[in-house]
Structures are given as C-alpha cells and as structure tokens.
1. Let me see the pair-distance distribution of region 1-82: every alpha carbon pair, 10 Å bin width, integer percents in order.
2. How large a share of the accessible area of region 4-117, in percent, is made up of carbon and sulfur atoms when the probe is 1.4 Å and the other protein chains stay in place?
3. Give, in nm to one decimal, the length gained when the segment between Gln80 and Ser121 is fully stretched (0.36 nm per residue of separation minus the Cα-Cα distance).
4. What number comes out for the charge environment of Ala88, summing +1 per Lys or Arg and -1 per Asp or Glu over other residues with Cβ under 12 Å away?
5. Dipole size in debye (nearest 20) for the chain around its Cα centre, Lys and Arg Cβ +1, Asp and Glu Cβ -1?
6. Calculate, for Ser113 and His9, the FRET efficiency according to 1/(1 + (r/R0)^6) with r their C-beta to C-beta distance and R0 30 Å; round to the nearest 0.05.
7. Extending each Cα 7 Å along its Cβ direction at Gln25 and Ala64, get the distance between those two points in nm, one decimal.
8. Using Cα pairs closer than 8 Å and at least 6 residues apart in sequence, work out the relative contact order for the chain, in percent.
Amino acid sequence: MYSVCVRDHLMVAHSFRGEVFGPAQRLHGATFVVDVEFRRPHLDPDNIVVDIGRASEALRTILADLNYRNLDEIPAFKGQNTTTEFLAKAVFEAMAAAIGRGDLGPGARAVDSIRVRLHESHVAWAAFESAVKV
C-alpha cells in the first residue's frame, strides 16, 4: 500500500461537558498538528498517490473554517464535545467530501483510505481512519 501525508496546524478554543474532562470543562485553547494520510494500492499513471499540492490546499481550506474559532459556537458542532477524536473524524469527512468534489484531482478518486491524525502535543494524538467511498 502506498501512502502520502500532508500536514498543517489548527488553533481553536473550546470547552467540554462531563466530569471526566476536569478543568477542560472551562473554555480553553488548543493547538493541533494535523496529518492527513492518503493510501492506495497502486500509483496513478504519474506514479503518485495524490497531488500533494492539491491535498495541502484542500487541508488548508478545511482547517480555515475552524482555525481561530470557538468550536462551541459552530452550529454543526452544537451539543458535541469537540475532542481530538471527534475533530479527527470531522477532518476526515471534509477531506473525503473534497475528494468526491474533485478538489484533489481525478486521480484522487482511486484513494482507498484516509487516516487523519491530530497531535495535541509531542506525546499525545488521536486519529480516525476509514475507507473512502467516492
């Protein structure tokens, strides 16, 4: 299986509900390093997995909608604990939609799966991965 990964970062504010979150129940900031890995079993005719430039631009566009925002105020996230795991799936869904729209070029439709990792720090991260259905 071949893979290509692009990276960007995201800065947000949010709060959590539930005793398990302790002091993070209060509004706080978070900075994430975001990795999106694209996988497919065979390279395209140009010998690439995806166009890295288009993939990077798609990720930048996805994160721009969240960057420097209070996630508690985003209607689509209303009532959700916007944990690192939750955000990884949200980025995955947005990237899968970008592939479906053709934002990464026609060759990206052959991507089998995507893994999204959000790094909270150098020692902790969460991920979501799944097949891409285009």
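1. 16, 35, 25, 17, 6, 0
2. The C+S portion of the solvent-accessible surface of region 4-117 is 53 percent.
3. Stretched out fully, the Gln80 to Ser121 stretch lengthens by 12.5 nm.
4. My count for the surroundings of Ala88 gives -3.
5. Numbers: 15 positive and 17 negative charges, 35 e Å.
In total the dipole reaches around 160 debye.
6. On the way: r = 23 Å, r/R0 = 0.77.
Efficiency at R0 = 30 Å is approximately 0.85.
7. A separation of 3.8 nm, rounded to one decimal place.
8. Relative contact order here is 30 percent.
The values are calculated or read from the model by the stated rules, or taken from the named source; none is laboratory data. Keep in mind that what you see is a predicted model, and the values were worked out from it rather than measured. Quick reminder, even Gly has a Cβ in these numbers, built from the backbone with ideal geometry, and neighbours come from all protein chains shown. Remember, those area values only see protein heavy atoms, side chains included, never the ligands or the DNA or RNA. Shrake-Rupley method; radii C 1.70, N 1.55, O 1.52, S 1.80 Å.
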